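In what follows, a single structure is set out as structure tokens and then discussed.
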Amino acid sequence: MAGFFARSNRAKVQQVESAAVQPIGSDTLRRVELLDSFENAGLGWFWATDAQGRLIYLSENAMNKLGCKAEEIIGTHLAKLFTHEVEEQGGQQPERPLNFLLGARNSITQYPVRLALGSSEMWWEIAGKPQFDDNQEFIGYRGSAKDISSSFQSRRDAERMAQYDSLTGLANRHRMNKRLDATLQAFRNSKRSCALLMLDLDRFKQVNDTLGHPAGDELLRQVAARLEKVVGDKGEIGRLGGDEFQVILPDMDDRGDLGELSQRIIQMISQPYQINGSRAIIGTSVGVAVAPYDGVESDELIKAADLALYAAKGGGRGQYRFFHIDFTDGAKHRRQIEEDLRDALENNELKMHYQPIVDAKTHMLKCLEALMRWEHPERGFIPPSQFIPVAEDIGTIKHLGEWALLETCKQAKEWPVELRVAVNVSPIQFARDDFPALVKSVLLESGLEPHRLELEITESVFVGDAERTQSMFEELKRIGVRLALDDFGTGYSSLSYLQKAPFDKIKIDQSFVRGATEKGNNNPAIMSAIVSLAESLGMETVAEGVETKDELNLVTERGASHVQGFIFSQAIPHEELLERLEKGELRYEPRGPERFRADRKSVYRKISLFHDDHKYNVTLRNLSKTGAMIEGLLNVPLDTKVVLNLGGGQLAVATVRRSDSHMQGLEFETPLISDGADGLCTRHRVSPYQIEAAGKPLEKLPDDPYEILMAELRATGRGKSFLEVDLSANRRQM
């Protein structure tokens, strides 16, 4: 047989002639010559194995291509010549590995393999058929091969382009949809969870408009890099197009962890960017949905995450939200706001209200902040946090801003006392080149003295051309108006701005005031630093959001020159303000709680309570992270274990710590967490997979999933604590 595998096809013919002991015809010689020409032209090669899969022949050109000698490769098992070739094949992964095909003696057709030999990456496409002797005994494979490295690389590059975003290198919408479909299908079979984050960028359009599209592209690349840094190997990130991004997080359902991750994403994305020598500031909002709780199919989960993102943006941006079934109605509500907001001005539904800013020491009125209010004729009061973001999205903020500025100046001119009035300026409004001209025109039409008008500007106006922004400031100061830096210290701060920007006032954001009196809080030190900075620059300071007397004492001690908050007054209508000013009531008395109390929210809603396999209807009166106050049960013994059904699969295990007649104070076994807004939620929910296992439909959570929890508690022995106290007296009353 050795002669058959000689390196010359002519020698092969001679060996075959000798072995057959008969002459070779011209057809056979012609066939051999054709095979020889085929190999020499580089169109392909031939190979053969023995019954054990060991290579017994390989074309000389193929060995030259590999840089190997015959003795180095003949006798090697065919499968060992290749790496795990099924790992990367541009999405065209073979159904069976090569070892399986050889072992099963299957025919091999157009099978791509990656060569394990050589320093460079080389791909072949092989084909072969099993051979049998006259007794039908398997004697090995005979096959062909050809080099497909160039075409394979092109195909793989094309496949990558089809799956990845060319700008950021992240997965594109097509790949993310396929990954989410495959993940959810696999995870449903294995009863696993998967979280989906949807986010888009706030103020990205402003960067494009002021710095140009190339700068916008560079910003997107930097955002992608920051997302990869935050998410790491926890999941896959995709850019869906424009400024929309998506994150798939397998095996994550703890809403505490998801909330922390969302907050880190918001904080990271919100840090300033350096782009071609210019500084850009954007933000982001995040919507969170988790399978199987919020959907078991990809379209359900995407819709849920989209609605959560919609709610986050509607809540004031720079926030995250977990999906809640109420968001379905919320999306309809937002669309209704969009439609009605266009007519709100013409229908005289918008009003300006005013909140006092008082001297921190004397409590005398020094300034009034103008705040827009919308009283809808059918739906009542609509908070600015809902309609202002909508106005920015649909482009009506320009008209609202112009109206608010003119209306405020006209009303301030009517005041019997000369007081300053502060008006908030949207970054979109400030970005207009004609904004100083608008201010000058409004002052001329209203007759208000320029020094009485104070324009409150957030740090986001510094996005884009720094020279243009500085020029805008100088032009406004030449008009004679005052400038205040609003929400100072909330993530965009830069001391370099304060060196040049001619601000008259810095407003300390309320996030530094809330909870500042609690032990171990660092906010008092931050307030002191801001006040010292402002004083050294000759600026006033206003502590916003002061609600309790201990907060008032703290901000006064720390040196804030002015105070604003419910401790003195909420925003009041212009008619009520005029009446007070005409009476000369310029001093405000602090009215509010003595001390700050950690987030305990007053609520009033019916919920279910479970004990000893029995359900009771109670009223939830207040709720905090650590406990709740309920009413509706009579004389419940202390230390009784109960479960509250907070809705949406949220079950909170609690212990009765105070009991007074029909009122009970409960302490949660596991603290609640923030839902990204002003609400609270449980870290975990009853899994629909558990409900499905209990014989319930997976599509919908039951109203009372308590029986699922009880089964688990009993199985682990924890359920005994729920059975120790009998509340039969309460059951009889109900």
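Based on protein heavy atoms only, segment 203-252 ends up with 43 Å² per residue of surface accessible to a 1.4 Å probe.
Only one residue of His562, Met539, Gly520 has its Cα farthest out toward the positive end of the dipole of segment 513-569, where Lys and Arg carry +1 and Asp and Glu -1 on Cβ, and that residue is Gly520. For segment 348-460, the carbon plus sulfur part of the accessible surface works out to 53%, probe radius 1.4 Å. Sorting Ile508, Ile394, Ile325 by solvent-accessible area of protein heavy atoms yields Ile325, Ile394, Ile508, largest first, with a 1.4 Å probe. For the pair Asp359 and Lys500 in one chain, pulling the backbone fully straight at 0.36 nm per residue adds 48.1 nm over the alpha carbon distance. Taking 7 Å steps out from each Cα toward its Cβ at Asp433 and Lys178 produces label points 4.7 nm apart. Extension gain for Asp678 to Asp233 (0.36 nm times residue separation, less C-alpha to C-alpha distance): 157.1 nm. Peptides 269-275, 340-346 ranked from most to least packed by the mean count of surrounding Cβ atoms within 10 Å: 269-275, 340-346.
Of the residues Ala195, Leu180, Leu249, the one whose Cα sits farthest towards the positive end of the charge dipole of segment 173-262 is Leu180 (charges of +1 on Lys and Arg Cβ, -1 on Asp and Glu Cβ, taken about the Cα centre).
Placing pseudo-labels 7 Å out from each Cα toward the beta carbon at Asn276 and Gln470 gives an inter-label distance of 2.0 nm.
Using the 1.4 Å probe convention, the accessible area of segment 292-428 works out to 43 Å² per residue with neighbouring protein chains retained. Take the Kirkwood radius over Cα pairs of segment 539-649, plug it into Stokes-Einstein at 20 °C and 1.002 mPa s, and you get 119 µm²/s for translational diffusion.
Report the FRET efficiency, 1/(1 + (r/R0)^6), for His77 and Ser166, where r is their Cβ-Cβ distance and R0 is 56 Å, rounded to 0.05. My answer for the efficiency is 0.85.
Histogrammed with a bin width of 5 Å, the alpha carbon distances of segment 359-438 distribute as 3, 12, 19, 21, 18, 14, 10, 4, 1 percent, first bin at zero. Could you give P(r) for segment 625-674, binned at 10 Å from zero, as whole percent values over all Cα-Cα pairs? P(r) over segment 625-674, rounded to whole percents: 28, 55, 17, 0.
Expressed as a whole percent, the accessible surface of segment 191-244 that belongs to carbon and sulfur atoms is 47, based on a 1.4 Å probe. Spin-label model, Asn99/Asn64: points 7 Å from Cα along the beta carbon direction are separated by 3.4 nm. Using a Förster distance of 41 angstrom, determine the FRET efficiency expected from the C-beta separation of Arg342 and Asn521, and round it to 0.05. That gives a FRET efficiency of 0.40. Counting every alpha-carbon pair across segment 255-341, the share separated by more than 21 Å comes to 39%. With 25 Å as the limit, write out which pairs from Lys229/Lys507; Lys229/Lys625; Lys313/Lys477; Lys519/Lys549; Lys205/Lys313; Lys519/Lys641 have Cα-Cα distances beyond it, or answer none. Cα-Cα > 25 Å for Lys229/Lys507; Lys229/Lys625; Lys313/Lys477; Lys519/Lys641; rest within. Computing FRET efficiency as 1/(1 + (r/R0)^6) for Trp403 and Ser149, where r is the C-beta to C-beta distance and R0 is 56 Å, gives about 0.25. Given +1 at the Cβ of Lys and Arg, -1 at the Cβ of Asp and Glu and no other charges, the dipole of segment 317-390 around its Cα centre is 380 debye to the nearest 20.
What you get for segment 341-433, charging only the Cβ of Lys and Arg (+1) and of Asp and Glu (-1), is a dipole of about 300 debye around the Cα centre.
Across the accessible surface of segment 528-580, with the other protein chains kept in place and a 1.4 Å probe, carbon and sulfur atoms take up 46 percent.
The values are calculated or read from the model by the stated rules, or taken from the named source; none is laboratory data. As the structure is a computational prediction, the values presented were derived from the model and not from experiment. Neighbour counts are summed over all protein chains in view; Cβ atoms, including those assigned to glycine, are modelled from backbone coordinates with ideal geometry. Ligands, DNA and RNA are stripped out before the accessible areas are found, and what is left, the full protein with its side chains, is counted by its heavy atoms. Shrake-Rupley method; radii C 1.70, N 1.55, O 1.52, S 1.80 Å.
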